[in-house]
1. Could you go through the range 75-83 in sequence order and give the Karplus-derived ³J(HN,Hα) for each residue, using 6.51 cos²θ - 1.76 cosθ + 1.60 with θ = phi - 60°, rounded to whole Hz, and x for Gly and Pro?
2. What is the sum of charges around Val125, taking Lys and Arg as +1, Asp and Glu as -1, for the other residues whose C-beta is under 14 Å from the C-beta of Val125?
3. For the range 35-73 and the range 1-23, compute the distance between their C-alpha centroids and round to whole Å.
4. Please compute the length gained on full extension between Glu19 and Leu115, using 0.36 nm multiplied by the number of residues separating them and subtracting their Cα-Cα distance.
5. What size of dipole, in debye to the nearest 20, comes out for the range 21-145 about its Cα centre when the only charges are +1 on Lys and Arg C-beta atoms and -1 on Asp and Glu C-beta atoms?
6. Give me the number: length gained by fully extending Tyr132 to Lys33, i.e. 0.36 nm times residue separation minus the C-alpha to C-alpha distance, one decimal in nm.
7. Given a 10 angstrom Cα cut-off, can you work out which residue in Tyr71, Tyr132, Tyr89 is the most mobile in a GNM of the chain?
8. At what distance in nm do the modelled label points of His6 and Leu143 sit from each other, each positioned 7 Å from its Cα along Cα→Cβ?
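Bear in mind these aren't lab numbers, they're just calculated from the coordinates by the rules spelled out. Bear in mind the structure is a predicted one, so any value in this text is a computation, not a measurement. In this analysis, Cβ positions are derived from the backbone assuming ideal geometry, glycine residues included, and neighbour counts consider all displayed protein chains.
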Amino acid sequence: MSFYNHKEIEPKWQGYWAEHHTFKTGTDASKPKFYALDMFPYPSGAGLHVGHPEGYTATDILSRYKRAQGYNVLHPMGWDAFGLPAEQYAMDTGNDPAEFTAENIANFKRQINALGFSYDWDREVNTTDPNYYKWTQWIFTKLYEKDWPMKRKCQ
């Protein structure tokens with residue numbers, strides 16, 4: 001009786017998917033489009049917890065289903081790395097926030113890949129990347145110039 005050798009089979013296919021960009025978003029304009037966005041994790045801890053794959057599994061199944069139906073599927077992953085959770089974790093552990101966040105992102109990505117999710121890593125988003133946050137700063141400046149941001153008491 002044969003058995004499923006996960007230590008051999010899973011790395012083989014995960015390597016194939018990465019090498020061939022199997023889950024890269026297609027650009028054929030004649031195909032229908034599908035977009036699935038998961039909440040980006042805060043890379044502020046030692047790694048994933050059980051809630052991460054629980055939440056990501058449904059969108060992964062749906063993304064794979066849509067690809068099988070011929071859709072161009074955009075299913076990106078990224079990191080919500082700015083803010084208090086990352087800063088607090090770095091301070092609690094005595095690490096530099098930028099270095100520690102980069103290490104945590106690498107660990108989270110390794111864990112997500114080990115789970116075999118079908119993300120388009122060519123579309124990875126990192127909120128601490130200057131090429132990302134320059135646009136959030138730009139749009140806020142445009143809103144500020146129009147006097148749209150407001151500070152009010154909650155009602």
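1. Each residue of the range 75-83 in turn: 10, x, 9, x, 9, 8, 9, 8, x Hz.
2. -3
3. The range 35-73 and the range 1-23 have Cα centres separated by 19 Å.
4. My answer for the length gained is 32.9 nm.
5. 740 debye
6. So the extension gain works out to 33.3 nm.
7. Tyr132
8. 4.3 nm
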